[in-house]
1. Tell me which of 175, 212, 188 sits at the most positive position along the dipole axis of segment 139-224, charges placed on C-beta atoms (Lys, Arg +1; Asp, Glu -1).
2. Give a residue-ordered list of calculated ³J(HN,Hα) values for segment 263-279 (Karplus: 6.51 cos²θ - 1.76 cosθ + 1.60, θ = phi - 60°; whole Hz; x for Gly, Pro).
3. Would you tally the net charge around residue 34, using a Cβ to Cβ cut-off of less than 12 Å, leaving residue 34 out, and scoring K and R as +1, D and E as -1?
4. With Cβ to Cβ distances under 11 Å as the rule, what net charge do the other residues near residue 225 carry (K, R +1; D, E -1)?
5. Just to check I understand the Karplus step: with θ = phi - 60° and J = 6.51 cos²θ - 1.76 cosθ + 1.60, what whole-Hz values come out for segment 99-106, glycine and proline as x?
6. Between residue 271 and residue 100, what length comes free when the chain is fully extended (0.36 nm per residue of separation minus the Cα-Cα distance, one decimal in nm)?
7. Please report how far the C-alpha centroid of segment 241-278 lies from that of segment 126-198, rounded to the nearest whole angstrom.
8. Just to confirm the number: angle between the C-alpha axis of helix 2-19 and the first principal axis of the chain, 0 to 90 degrees, nearest 10?
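What follows is calculated from the coordinates using simple rules that are stated; it is not laboratory data. Quick caveat: nothing in here was measured; it's all calculated off a predicted structure. Reconstructed Cβ throughout: ideal geometry from the backbone, glycine too, with neighbour counts over all protein chains shown.
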Amino acid sequence: MIKRMKALVIPVAVIIIMLICSGKLMAGAWVQPPGKCFVSLQSYYYETNEYFDSGGSRKSRGGTFEKFEFNPYVECGLTTKDTLVLNIFYDWLRDNVSGTTKKTNGFADIEAGWRRLLLKRDPHVFSAQLLGIFPADYDIEDDPRLGYGRYGMEASVLYGRYFKLSGRYGFFDSQLGFRSYFGYPSEQIRTNLTLGYDLFKRIQVLCSSELHYGLDNGAEKTVGRNITVEPQYRLLKITGALRFRITADYSVVGAAYCHAWGENTGADGGFYGSLWLRF
């Protein structure tokens with residue numbers, strides 16, 4: 001019990017600090033109008049030859065880990081208060097450790113769920129979200145592996161608001177969630193925070209922070225390696241992005257991100273590009 005309470009102190013402190021800073025670029029508190037959809041087609045690249053050890057210190061891996069990911073994300077409005085969410089990941093992994101190169105590719109875990117609008121009082125929005133996590137058809141003994149191979153669930157509360165500053169519009173979006181898997185890995189506290197601001201009519205700057213804080217309470221299991229999804233890990237990721245509005249319904253986004261802090265996870269960072277569609 002004491003160990004569990006101590007494990008909660010740090011994430012609460014980090015959450016407070018993050019509230020002063022920034023957030024994530026998707027999965028906002030807003031719901032989609034009935035019959036309307038939002039689609040984000042993202043391509044990520046990540047590379048590192050270092051990792052954060054169990055004490056948070058950066059160390060050399062003795063080789064380079066690379067990850068390229070294609071990530072379609074979909075939101076579809078059912079009613080004025082209900083939206084369905086689908087998040088799909090297809091990964092290409094390459095790990096070169098001690099001169100030996102190993103590769104894996106395939107679908108990683110799929111996330112699907114439901115978001116419910118709880119309160120809308122302009123400019124404020126409060127919502128709740130429930131996600132199911134479904135492992136794809138991969139082998140957890142693959143090296144590098146694509147996921148945990150375990151079903152899970154995540155419950156979240158979300159808050160967002162629009163604002164106007166110096167004659168230009170912006171928004172703030174936040175999410176606090178709890179993720180649990182069946183068996184292993186560790187349960188996680190997850191937070192996402194986003195700040196967006198219109199620099200010009202067509203250009204919006206986006207800053208984000210994302211925290212995955214493992215509670216170190218999952219069962220141990222021998223699995224293949226993947227420095228980005230260790231069973232007991234903690235990670236703080238910071239992202240900066242620019243969004244260019246092609247039309248009211250189409251945008252392109254370019255971003256760079258870094259792993260600012262972590263335990264039992266990869267260091268360094270990467271970049272991604274995304275196409276946003278509304279229809």
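1. Final value for the positive-end residue is 175.
2. So the J values, rounded to whole Hz, are 9, 6, 8, x, 9, 6, x, x, 8, 7, x, 8, 10, 9, 10, 10, 8.
3. +1
4. -2
5. Result, rounded to whole Hz: x, 10, 9, 10, 10, 8, 8, x.
6. Extending this stretch completely gives an extra 59.0 nm.
7. 15
8. 40
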